[in-house]
Structures are given as structure tokens and as C-alpha cells.
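One structure is given here, and the rest of the page talks about it.
The values are calculated or read from the model by the stated rules, or taken from the named source; none is laboratory data. Bear in mind the structure is a predicted one, so any value in this text is a computation, not a measurement. Note that we place each Cβ from the backbone using ideal geometry, even for glycine, and neighbour counts take in every protein chain shown.
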Amino acid sequence: MLRDRRLIFSAAFLRAVATGMMGVLLGIYLARLNFSPAAIGLTISAGLGGAAAAALLATFAGDRWGRRRMLLGLGLLAALGGAVVAWTGGETLMLLAAFLGMLNGQGRDRGAALILEQAMLPATSDAAGRTQTFAWYNLLQDIGHALGGLLAFVPTAARSLAGMAEIPSFRLGVALYAVLLLASALLYLFLSKATEVPVQRPLLQLAPQSRSVLWKISALFAIDSIAGGFLGTALLSYFFYERFGVGEGVIAVLFFAARLANAASHLGAAWLAQRIGLVNTMVFTHIPSSLLLATVAFAPNFWVAAVLFLLREGLVEMDVPTRQSYVMAMVRPEERTFASGVTHLVRLGGWAIAPGFAGILMEGLALGTPLFIGAAMKIAYDLLLWRAFSHVKPPEER
């Protein structure tokens, strides 16, 4: 199973590089195509809506159709959608390509493929090493996100070194996104049969305790995901671009540093969870990150905003491996695909809803409005999560 784990890690890493780059470029690319803030938000929502539809399919049909086959199909469709986005300039075709290609403007990989990958990973480790496995999985992803953020410098480099025009230089960057997704998809061809499971009917077979935990935590994740939809990388990148007048090259470096901070935090999360527990780690690192984000809107210049933003990024992802480990620990092995699918579907649905509203608010009220709304909702989510689950322990904490 070590070979399968390495293949999953590698595929997730390449997909994260692509996602990190697109998160930085998408808002600026669409602005260069003369899309309004509202149209940019709708395009991001369309991509996340497609990802939510794919997550629904993976949740209910992933095990039945075969995890490897579905991962390959999703990867190829995403690569095709990216290629169309690189080619077109019309709003209607852009929306369609974003939906069918599950275009990710969040800057972090939260697509349907994670449902199946995270259902596979617990079988590659014992209970004691499960959180550490998820920590390394997320660490590699955020290293990929960091490199992807740095690759957002490609359009600037193409203009400076090759004399390419502005729009073609952005199209080159989006085309690279499609190539990376294609390479990621092809790795799934080499996964072993051990990654598959017998066909189950998980919705009907959920244990009562699993069902109670899953529905309650999914309702809370819905709040967090809507908040996260106001704070996706494409919108934050657009915020820095418009608010402080910095170009994609500077923003690329900023998000490279942010993803490095995310990556380092994952190992810190595993260490902290062993000492204070998974739920406490999720809550007590998340609240300070939201407070820091709200202050970014008040920053007097880009450099102050960048420092506050990087401090936030050092904390905001510490809940990710702990959250994944907690959910997988609280359900039976045969329920993991369904549990992973439901929680991801809820999160993708929230992410898909919010950007369209965020774009309208940025256009109609103020650029910083989504930062305030997102931060407030995340703090509310953390308080509710701690109240509901601080006493519900995974097996290794009992």
C-alpha cells in the first residue's frame, strides 16, 4: 500500500500545483478579459458548482464505478475544461467550461478527487499514524499550492522574456494549468486493485453513531464553507490587485509564501492534536486566523496587508488534516467514501454559492466586504463546532 500512497500523494501534489496557480491567475485573467467583478464571481461559482456536482457523483457512485476509473475521468475532464478556459474569451462559454471542467478558483485543492483519495488513505496506515498520514498529504498539497502560486509569475515572465502580449501570456498560464491536471490524472492508471472496496450501500448502512456525527458536523461545515467561499484565492488575489495596485507577479510571490506557511502548519497541527486533541486544535487555531484576516481590509498599504495575511495563513490550514482525520475516525471503514463525500459535498456547495455574492458585494459596496463576512462566519462556526464536539472523542483520544 506504500506504492499506492505515493501515487496518491504525487497526483494530489500535481493537482495542487495547478490549483495554486489558477487561484492567483483566474481573477486577474478574467479582469483582463474585461469581466466585471460580478462576472468574475459568477465564473468562480460556476467552477465550484461543477466541482460540487462531481462530488455528488463521487459520493454515491465512486465505489460502484471504481475509484480509479472515476479519478481518471474527473482528471481528464478538468484538464479539458482548463484547455477551453485558456482558449475562450466569451462569458457564456467561459461559464460552461468552468462548470464542466470544475474550474477551481479557491487556490486550494478541494475538488471531488479528494473524496476518493481521502477514503483510500486510512487503509495505508494504522490508527496511530492516520493523522500523520493526512498531515503529510496536506503538507505535499500545500507545497504544491505554493509552487503553483509562484508559477502564476508565468505570464509576467512570458511578457518580459519572450515579448508576448498580455492576454496570450495569461492564456499560456491557464494552458499550463490544463497540462498539470492531465499529468495528475494519468497517475491514477497505476494504482493497484487494493484501493478499491466492495460495492456498498452506505446511506442505508451507516451506523447510528456515524449518522449522528456525520449530519451534525456536515451542518457546521456548511457554515464554514460558505465563509470560505467569500475568501477564495481568486477573490483575495483580485482584492490585492484592485486595492493596492500590485501585479500578478507580486501576488504570485505572496501566495507562494502563504502556501509555504500552510504547508508548515500541517505538521504543527499533527503535533498539537496529539497534545490537546483534534477538535481543540481545529477551533483554537482557526479563530485567531479569522481575526487576522479581518484586519487585512484595514491595512494602510500592501506590505502591512501582506504581513497580516501571511500570519493568518500560518494558522488557517491547521484544521484541515485534523478535520479529515476526525471524520474518518468517527465512521467505519466501509462508510469512509460516503462520509468523505458528504462532508466535501457540503463544503463545495458552500464554496460555490458564496463567490457570486462576494463579487456583487465587492462591486456594489466595498472591496473588503467579503473579508468581514467570511471572518465573522468562520468564528461563529468554530464556536459552534467546539460546543457540539469537544466531548466527542475519536478512538485514540478515549
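Data for the structure
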quantity	calculated
Yes/no for S184 being at pLDDT 90 or above, over 24 Å from G73 (Cβ atoms) and small (G, A, S)	no
Selection count, the stretch 139-182, where residues are more than 25 Å from the chain's Cα centre (by Cα) and outside any helix (DSSP H, G or I)	3
Complete set of residues in the stretch 366-398 that are part of a helix (DSSP H, G or I) and of a type in the set (S, T, N, Q)	T369
Of residues in the stretch 321-345 being farther than 21 Å from T281 by Cβ and hydrophobic (A, V, I, L, M, F, W, C), the one surrounded by the fewest Cβ atoms within 10 Å (Cβ to Cβ)	F338
Single residue of G49, G66, G89, G101 found to be at positive phi and not charged (D, E, K, R)	G66
Helices (runs of 4 or more DSSP H) contained in the stretch 300-365 and holding at least 2 residues under 25 Å from P37 (Cβ atoms) and of a type outside the set (S, T, N, Q)	302-316, 336-364
Sole residue being in contact (Cβ under 8 Å) with a residue 12 or more places away in the chain, more than 18 Å from R108 (Cα to Cα) and basic (K, R), chosen from R171, R211	R171
Residue satisfying all of: in the stretch 111-124; among the hydrophobic types (A, V, I, L, M, F, W, C) and assigned to a helix (DSSP H, G or I); farthest from the chain's Cα centre (by Cα) among these	A123
Residue within the stretch 299-320 that is buried (at least 21 other Cβ atoms within 10 Å of the Cβ), within 16 Å of W215 (Cα to Cα) and in contact with a Ser or Thr (Cβ under 9 Å, 6 or more places away or on another chain) present	no
Single condition R108 does not satisfy, out of (1) assigned to a helix (DSSP H, G or I); (2) buried (at least 18 other Cβ atoms within 10 Å of the Cβ)	(1)
Any hit, the stretch 274-289, residues being at pLDDT below 85, in contact with a helix residue (DSSP H, G or I) (Cβ under 9 Å, 6 or more places away or on another chain) and assigned to a loop (DSSP other than H, G, I, E, B)	yes
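Results for (1) surrounded by 22 or more Cβ atoms within 10 Å (Cβ to Cβ); (2) closer than 23 Å to S225 by Cβ, shown as yes or no for each residue.
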| position | (1), (2) |
| --- | --- |
| R3 | no, no |
| L7 | no, no |
| T19 | yes, yes |
| L57 | no, yes |
| L76 | no, no |
| M94 | yes, no |
